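Peer 1: Here it is, the structure, as structure tokens.
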Amino acid sequence: MLRFLILALLAVPLSLRAQESGGLDAAAEHAREAWFRHDAAGLVSDSPRLQLQLPGADPSAALGPEQAAALLRDFLSSAQEVETVVRAARETEPGRGYVELQRRYRVAGTQEVRVQGLLLGYRRSRTGWSLVELRVVS
């Protein structure tokens, strides 16, 4: 009986860690799906403020979700996604994590497939993981 109790107590922190990373894994999958569908509003809807860094532009100041979605829609408008995959989802410190996505896409009117990386920074809030930073890197 004592052995069972000790094992049960040891398993609690492991299951909590799995739930926490599972929450980040779910956020990563949500981001992957939203990016692939070009659903910019869905990608940033849970973000109170978001810093964007898009190719050829300086990093933005923290933007509200509507403004961030408008910039992302414009950025995505000339591309057709081929594939978007989650490369990593990790909690870097308590309450902070990052997700790395890789996208393969075509520029409209071409057949050439290009590859870009997406780095997404998250913070945990009372309601889950919130996107606070998005960088597009080549």
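Peer 1: Is it true that Ala31 is surrounded by 15 or more Cβ atoms within 10 Å (Cβ to Cβ), outside any strand (DSSP E or B), in contact with a Phe, Trp or Tyr (Cβ under 8 Å, 6 or more places away or on another chain) and at pLDDT 90 or above?
Peer 2: No, not satisfied.
Peer 1: Also, quick follow-up: If we scan segment 42-57, do we find a residue that is part of a helix (DSSP H, G or I), free of Cβ contacts under 8 Å to residues at least 60 places away in the same chain and either buried (at least 16 other Cβ atoms within 10 Å of the Cβ) or in contact with a strand residue (DSSP E or B) (Cβ under 9 Å, 6 or more places away or on another chain) (or both)?
Peer 2: No; the residues of segment 42-57 include none that is part of a helix (DSSP H, G or I), free of Cβ contacts under 8 Å to residues at least 60 places away in the same chain and either buried (at least 16 other Cβ atoms within 10 Å of the Cβ) or in contact with a strand residue (DSSP E or B) (Cβ under 9 Å, 6 or more places away or on another chain) (or both).
Peer 1: If you don't mind, another one. So, of the residues in segment 41-68 that are over 19 Å from Arg123 (Cα atoms) and among the aliphatic types (A, V, I, L, M), which turns out to be modelled with the lowest pLDDT?
Peer 2: Step by step, filter segment 41-68, then rank; the result is Ala57.
Peer 1: Of all residues in segment 89-132, which are closer than 21 Å to Asp46 by Cβ, surrounded by 13 or more Cβ atoms within 10 Å (Cβ to Cβ) and small (Gly, Ala, Ser)?
Peer 2: Ala89, Gly97, Gly121, Gly128, Ser130, listed by residue number.
Peer 1: Quickly run through segment 40-79 and pick out the residues that are of a type in the set (Asp, Glu) and within 13 Å of the chain's Cα centre (by Cα).
Peer 2: Asp46
Peer 1: Within the set of pairs 6 or more residues apart or between chains, which connect a residue that is more than 13 Å from Thr84 (Cβ to Cβ) and in contact (Cβ under 8 Å) with a residue 24 or more places away in the chain inside segment 99-114 to a residue that is of a type outside the set (S, T, N, Q) and not in a strand (DSSP E or B) with Cβ atoms less than 6 Å apart?
Peer 2: Cβ pairs passing all conditions: none.
Peer 1: Applying the selection to segment 86-99, what residues are touching a Lys or Arg at 6+ places or on another chain (Cβ under 7 Å) and within 17 Å of Arg114 (Cα to Cα)?
Peer 2: Passing the criteria: only Val86.
The values are calculated or read from the model by the stated rules, or taken from the named source; none is laboratory data. A quick note: this is a predicted structure, and the numbers were derived from the prediction, not measured. Quick reminder, even Gly has a Cβ in these numbers, built from the backbone with ideal geometry, and neighbours come from all protein chains shown.
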